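Trainee: Just passing along the structure, written as C-alpha cells.
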C-alpha cells in the first residue's frame, strides 16, 4: 500500500480483527508520450504513457483497445526492472513504522484513456511491511487513482479535516460488495478497504490480493498488490473482483484483474481488465464476490 520517481512523503478476520492486525500499517504513515503499437490480437492496439525508471529497467502504464473499446489498463514492468531494485534502507525510500522502507513512483496514463483513472502510484516494498505474517513479502502496490493528482496531493495530516475526510464513507451503492474499511487513512493515499475473506487474511501465504481506497466520501483507487516472487513465475491469471452497484466516475471500469508475462514485449503486466462502460449501465460484477 504504498507513489514518484522522486519518492513522496507518504507517510479479520472481520472488521475488528482486521483493524487489530492492520491498523499499525495505516496509523504509522503521518507530457506524456502516447505511442500506439499493435497488440497480438486482431483489431487491437495498445497505447502507452511515458516510461519511468525503476531498477535497471522501466515501468509504464498502458491501455489495450479491442475493436475500438478499452479492454484493460495496466502497468508494465520491463524484465530489466527486476534487477537493481532498491533494497531496504537504500537512499530515497520512505521509512515505515516497522523501520523498513518503501519506494514510490508516479506513472502517467496515455492520452487516449477512456477509463476513470488519472494516474498510477507504483510502490515497491523490498521486504514487505507490517503486519508480520501477512504482507511481509517483497511486493509491488499498484494504486490506480480516479482522483486528480492535485486532490491527491492534499491528503495530508496537516489538513484540519484529515480525520473527518478519512471516515466520510461513500454511499453504500458505490462500495464494492463485501469490502470493509480499515480505520484511519494513509497520507497521500486515503482509506483502504479490504475483503475479509482474502486468503492472506485467513492464514494463507500472501502472493496477490486486491484492495480499494476512498477519500472524503468517494471511492478513489483500485489496488492490486502482487509479490515479486509471484510475478517471477510469469503467470497468466485473471481474477474476478467485487464491484459497486453504481459508479461515480465516468468511463470504463474493471470487473477483474489480470497478472501475466507479455512475451512479445518482455514485460511483467498487472492490469485492471474486463472493462465495462459505467455510463451505459453495462452488466457489472456487483452481485458476485471477487476471488483472489
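Trainee: Checking residue 186 against (1) more than 30 Å from residue 233 (Cβ to Cβ); (2) touching a helix residue (DSSP H, G or I) at 6+ places or on another chain (Cβ under 7 Å): exactly one of these is not met. Which one?
Mentor: Unmet condition: (1).
Trainee: Out of 142, 65, report the one residue that is under 25 Å from residue 274 (Cα atoms) and crowded, with 23+ Cβ neighbours inside 10 Å. Working first, answer last.
Mentor: On the way: 65 fails: crowded, with 23+ Cβ neighbours inside 10 Å.
Answer to the check: 142.
Trainee: Now for a different question. Among the numbered criteria (1) within 21 Å of residue 192 (Cβ to Cβ); (2) in a loop (DSSP other than H, G, I, E, B); (3) touching a strand residue (DSSP E or B) at 6+ places or on another chain (Cβ under 9 Å), which single criterion is violated by residue 84?
Mentor: It fails just one condition, (1).
Trainee: Run residue 165 past the list (1) assigned to a loop (DSSP other than H, G, I, E, B); (2) in contact with a strand residue (DSSP E or B) (Cβ under 7 Å, 6 or more places away or on another chain) and report the number of the one that doesn't hold.
Mentor: For residue 165, the failing item is (1).
Trainee: Name the residue, out of 116, 91, that is buried (at least 19 other Cβ atoms within 10 Å of the Cβ) and part of a loop (DSSP other than H, G, I, E, B). Steps first, please.
Mentor: Values: 91 fails: buried (at least 19 other Cβ atoms within 10 Å of the Cβ).
Every option except 116 fails the conditions.
Trainee: Moving on. So which residues in the stretch 103-122 are within 14 Å of the chain's Cα centre (by Cα) and modelled with pLDDT under 95, if there are any at all?
Mentor: 104
Trainee: Taking strands (runs of 3 or more DSSP E) that fall entirely within the stretch 172-267, which contain at least 1 residues that are in contact with a strand residue (DSSP E or B) (Cβ under 8 Å, 6 or more places away or on another chain) and at pLDDT below 95? Lay out the reasoning, then the answer.
Mentor: Values: elements: 191-194, 208-215, 218-227, 236-240, 256-262.
Correct list: 191-194.
Trainee: Next up: Residue under question is residue 42, and the condition is that it be more than 22 Å from residue 144 (Cβ to Cβ), modelled with pLDDT of 90 or more and part of a loop (DSSP other than H, G, I, E, B); does it hold?
Mentor: On the way: more than 22 Å from residue 144 (Cβ to Cβ): yes; modelled with pLDDT of 90 or more: no; part of a loop (DSSP other than H, G, I, E, B): yes.
Here the answer is no, as residue 42 does not meet what is asked.
Trainee: Would you tally the residues in the stretch 97-113 being crowded, with 20+ Cβ neighbours inside 10 Å and assigned to a loop (DSSP other than H, G, I, E, B)?
Mentor: Selection size over the stretch 97-113: 3.
Trainee: What pairs come up if the first residue lies in the stretch 76-105 and is at positive phi, the second is in a loop (DSSP other than H, G, I, E, B) and at pLDDT below 85, and their beta carbons are under 6 Å apart, counting only those six or more places apart or on different chains?
Mentor: Partner pairs satisfying both residue conditions: 92/7.
Trainee: What tally of residues in the stretch 53-69 results from selecting those that are farther than 21 Å from residue 263 by Cα and touching a strand residue (DSSP E or B) at 6+ places or on another chain (Cβ under 8 Å)? Walk me through it before giving the result.
Mentor: Of all residues in the stretch 53-69, those farther than 21 Å from residue 263 by Cα come to 67-69.
Next, only the ones that are touching a strand residue (DSSP E or B) at 6+ places or on another chain (Cβ under 8 Å) stay: 67, 69.
So the answer is 2.
The values are calculated or read from the model by the stated rules, or taken from the named source; none is laboratory data. Because the structure is a prediction, the values reported are computed rather than measured. We place every Cβ from the backbone using ideal geometry, glycine too, and count neighbours over all the protein chains shown.
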